[in-house]
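The values are calculated or read from the model by the stated rules, or taken from the named source; none is laboratory data. Everything numeric here is computed off the predicted structure, so don't read it as measured data. Virtual Cβ from ideal backbone geometry, glycine too; neighbours counted across all protein chains shown. To get the accessible areas, we keep the full protein, side chains included, count just its heavy atoms, and leave off ligands, DNA and RNA. Shrake-Rupley method; radii C 1.70, N 1.55, O 1.52, S 1.80 Å.
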Amino acid sequence: MEIERPTIQGQEEDDEDDCVWLDEAFFVNQSYETRTFAYGSHVLRLLCLESASTDYDLTGQLVWPGAELLNYHLAQNSDFLTGCSVIELGSGVGVTGLLCSKFCRQVVMTDHNDIVLKVLKQNIGLQSPAETSSCAEMTSEKLEWGNYDQLLKILEKFPEGFDLVLGADICFQQGSIPLLFDTVEQLLQFGHKRCSKFMLAYVSRAKSIDTMVAAEAKKHGLKMREVQGSRSMVAGGSLEGVIFEFVLH
Ligand SMILES: C[S@@+](CC[C@H](N)C(=O)[O-])C[C@H]1O[C@@H](n2cnc3c(N)ncnc32)[C@H](O)[C@@H]1O
């Protein structure tokens, strides 16, 4: 007997009689645990999973090594975040945006996955200002890279634009990288914030993706530079991570 997921678009409808239709919820683990993360003196408590779902699209349910790399860097260099307005792409459970909320004026955390957005929203709700010394206004928004309508809605809500665009460990699928850079370019071009930058914590998992990130940045008119001292081994020493900054030429 075959067991198949019912919601995959374009799924062949042949052999339907042999399929057992199971609700999507059957495959999705939402039994989150509260975990504590510390970056310097900054402590965050949030809901996440300990291990990845087998569904590629649910990568955002846990904290990735790129977020750890970026968060240590931000905690040690927090001065430049003071009073900033930040938008994060592919926030997952929100560990980077939540850290930023301790320094920034405004933090908008985004993701494209509804299940991930649900736990992100819960994590924002868990950060009571009294307990966390958070000073920022925090929100979550749905944003699929390359979706201009969703981006426009966000820009209408935040007409001043953003000083900083952040992304942690969000380059692991070749197909989405050109769309990611479309969105980054639009965010950097928007409004009066022409001095803003995109900060990406990049974890190298395939040479082809390393090359693609640099090529897409160039194609989108972005100058790329490595943040000095950020290159280090992550994920228990098994992968190399680095922080890049991108600005419009
Ligand atoms: C590897 S996880 C990283 C999550 C978090 N930044 C971290 O480092 O812990 C990648 C995140 O990007 C989101 N994502 C992947 N493709 C996306 C797309 N095309 N548009 C928007 N978000 C996307 C996923 O839902 C997921 O939350």
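The table below gives the values:
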read-out: Considering residues of the range 197-249 that are in a loop (DSSP other than H, G, I, E, B) and in contact (Cβ under 8 Å) with a residue 40 or more places away in the chain only, the residue nearest to C84 (Cα to Cα); value: V227
read-out: Check on G146, open to solvent by 20 Å² or more (accessible area, probe 1.4 Å), away from the ligand (no atom under 13 Å from the Cβ) and over 20 Å from L81 (Cβ atoms); value: no
read-out: Selection from the range 191-226 of residues that are farther than 16 Å from C171 by Cβ and either open to solvent by less than 30 Å² (accessible area, probe 1.4 Å) or touching a helix residue (DSSP H, G or I) at 6+ places or on another chain (Cβ under 9 Å) (or both); value: G191, K193, R194, S196, K197, G221, K223
read-out: Some residue of the range 55-65 being more than 16 Å from the ligand (Cβ to nearest atom), of a type in the set (D, E), closer than 29 Å to Q189 by Cβ and surrounded by fewer than 17 Cβ atoms within 10 Å (Cβ to Cβ); value: no
read-out: Among (1) modelled with pLDDT under 95; (2) assigned to a strand (DSSP E or B), the one test that G191 misses; value: (2)
read-out: Residue in the range 66-78 that is farthest from the ligand (Cβ to nearest atom), counting only those that are open to solvent by 60 Å² or more (accessible area, probe 1.4 Å) and touching a residue at least 12 places away in the same chain (Cβ under 8 Å); value: Q76
read-out: Members of the range 151-173 that are open to solvent by 40 Å² or more (accessible area, probe 1.4 Å), within 15 Å of the ligand (Cβ to nearest atom) and either modelled with pLDDT of 95 or more or small (G, A, S) (or both); value: K153
read-out: Boolean, Q186 is out of contact with any Pro (no Cβ under 7 Å at 6 or more places or on another chain), open to solvent by less than 50 Å² (accessible area, probe 1.4 Å) and not in a strand (DSSP E or B); value: no
read-out: Options E160, E141; residue that is under 13 Å from the mean Cα position of the chain (by Cα) and either without any contact (Cβ under 8 Å) to a residue 40 or more places away in the chain or not in a helix (DSSP H, G or I) (or both); value: E141
read-out: The range 83-125, subset under 20 Å from S176 (Cβ atoms) and part of a strand (DSSP E or B), residue nearest to the ligand (Cβ to nearest atom); value: D111
